[in-house]
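S.K.: Okay, handing you the structure first.
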Amino acid sequence: MVKRAARVRPRRAKPRYPRGVVMSVVAAVVVVLVALGVFLASRMLGGQAAAPETEPAHDVAVSGAGPGAQWQLPERRWEPMPPPDPASPLHGMQANDLNAQPPAALTGCAAPATVETIEGWEAAVRAQWECVHRSWVPTLERLGWSATAPTVQFFRGEGDDSECGYLEAPAFYCSAGDGSVHFGARHFDMARIWKLSVNEMVNHEYGHHLQNLAGVTAAKVALPWTIELERRAELQATCWSAAMTAHNASFTFGQAEYGAWLERLDSMRAGGVHGSRESMLHWGTRGLYAKTMNDCNTWVVPETHVT
Ligand SMILES: [Zn+2]
């Protein structure tokens with residue numbers, strides 16, 4: 001025996017290639033083998049591995065969930081709503097049959113999109129209003145309330161005349177008669193740049209129609225006017241707008257929409273009857289999590305929650 005060099009190959013003459021060259025060749029071979037291994041593995045999975053990566057943003061996987069999982073709202077704990085207080089001067093707005101209802105699932109609405117022309121804007125607003133109303137009719141009929149659709153009107157300037165008088169705003173609702181809703185040029189400007197603007201504004205104004213049907217508006221105007229009462233009404237409509245938008249089946253409210261919604265709450269006009277930035281962010285976000293309309297009951301919370 002000679003220790004057979006098989007293992008220990010008899011030293012060959014000095015390798016022709018410098019050691020570095022040999023090592024990098026070996027490394028390259030290893031890399032190719034690994035790549036080949038990966039390729040074969042993915043082929044064996046029948047290409048599924050590739051597909052989720054092509055999915056558009058709204059089905060973004062959250063950490064820990066597998067690819068393709070539906071995005072979920074971030075986990076948040078909300079204080080439970082206090083019960084209506086029969087002794088409170090606000091009781092007339094606190095307690096009504098709408099509170100126990102779930103936000104209506106909006107079905108058959110157009111997918112959200114920005115608008116380009118006045119005609120396109122009017123058509124999008126009218127279609128969304130009709131879709132929201134149609135989606136609420138079963139609940140309204142179950143509660144024995146009027147299912148007559150309020151009229152939709154448009155104006156070019158800052159404000160519009162209505163049965164409730166002349167008002168200036170991007171949009172407003174007048175509760176006189178069967179109700180009327182008015183959308184103005186300032187909303188058109190918003191709808192040109194944000195695809196959820198029609199949802200946000202139409203659903204908000206429809207929230208005011210629901211306040212009218214639920215007796216909240218009548219109970220409010222029976223009290224002496226205060227800015228706090230107006231803020232509670234506005235923040236409830238903002239909260240319900242979030243609830244209806246999150247329950248709009250025509251699109252997936254995903255991470256991008258959530259981010260844009262918070263950005264909007266963080267940039268829309270605050271103060272006055274609209275409420276503070278903090279209150280708008282609170283109620284405009286809480287609505288996204290609403291399981292019942294009572295989750296937006298701004299009439300039962302202390303004044304500190306509706307600043
Ligand atoms: Zn409003």
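The values are calculated or read from the model by the stated rules, or taken from the named source; none is laboratory data. Note that this is a predicted model, so its numbers are computed, not measured. Because the Cβ atoms are built from the backbone with ideal geometry, glycine has one as well, and the counts that use them run over all protein chains shown. Accessible surface areas use protein heavy atoms only, side chains included; no ligands, DNA or RNA. Shrake-Rupley method; radii C 1.70, N 1.55, O 1.52, S 1.80 Å.
S.K.: Determine ³J(HN,Hα), in whole Hz, for all residues of the stretch 220-234 in sequence, where each value follows from phi through the Karplus function 6.51 cos²θ - 1.76 cosθ + 1.60 and θ = phi - 60°; x replaces Gly and Pro.
M.R.: These are the phi-based 3J(HN,Hα) values: 5, 6, 6, 9, x, 5, 9, 5, 4, 5, 5, 5, 4, 5, 5 Hz.
S.K.: Right, next: List the trypsin sites (Lys or Arg not before Pro) within the stretch 214-307 that fall in a DSSP loop (any state other than H, G, I, E or B) and whose Cβ has at most 15 other Cβ atoms within 10 Å.
M.R.: Hits after loop and neighbour filter: R269, K291.
S.K.: If you don't mind, there's one more thing I want to ask. Within the stretch 199-279, which chymotrypsin sites (Phe, Trp or Tyr not before Pro) sit in a loop by DSSP and count at most 11 neighbouring Cβ atoms inside 10 Å?
M.R.: Taking the stretch 199-279 and a limit of 11 other Cβ atoms within 10 Å, the loop chymotrypsin sites (Phe, Trp or Tyr not before Pro) found are W225.
S.K.: Next up: Quick one: which residues, 5+ away or cross-chain, put their amide H under 5 Å from the amide H of F154? H built at 1.01 Å from N.
M.R.: F183
S.K.: Here's a follow-up. Can you give the accessible area per residue of the stretch 207-307, in Å², using a 1.4 Å probe?
M.R.: Using a 1.4 Å probe on heavy atoms only, each residue of the stretch 207-307 averages 36 Å².
S.K.: OK, next. Kindly write out, for the stretch 124-130 in residue order, the coupling ³J(HN,Hα) from the Karplus curve 6.51 cos²θ - 1.76 cosθ + 1.60 (θ = phi - 60°), rounded to whole Hz, with x marking Gly and Pro.
M.R.: Result, rounded to whole Hz: 5, 5, 4, 4, 5, 4, 5.
S.K.: List the GluC sites (Glu not before Pro) within the stretch 76-167 that fall in a DSSP loop (any state other than H, G, I, E or B) and whose Cβ has at most 15 other Cβ atoms within 10 Å.
M.R.: Of the GluC sites (Glu not before Pro), the ones in loops of the stretch 76-167 whose Cβ has at most 15 other Cβ atoms within 10 Å are E116, E158, E163.
S.K.: Then there is this: When ligands, DNA and RNA are left out and all protein chains stay put, how many square angstrom of accessible area per residue does the stretch 86-160 have with a 1.4 Å probe?
M.R.: That works out to 48 Å² per residue.
S.K.: Carbon and sulfur: what percent of the stretch 67-194's accessible surface (1.4 Å probe)?
M.R.: Of the solvent-accessible surface of the stretch 67-194, carbon and sulfur hold 53 percent.
S.K.: Given labels modelled 7 Å from the Cα in the Cβ direction, how far is it in nm from R134 to E119?
M.R.: According to this spin-label approximation, the distance is 2.2 nm.
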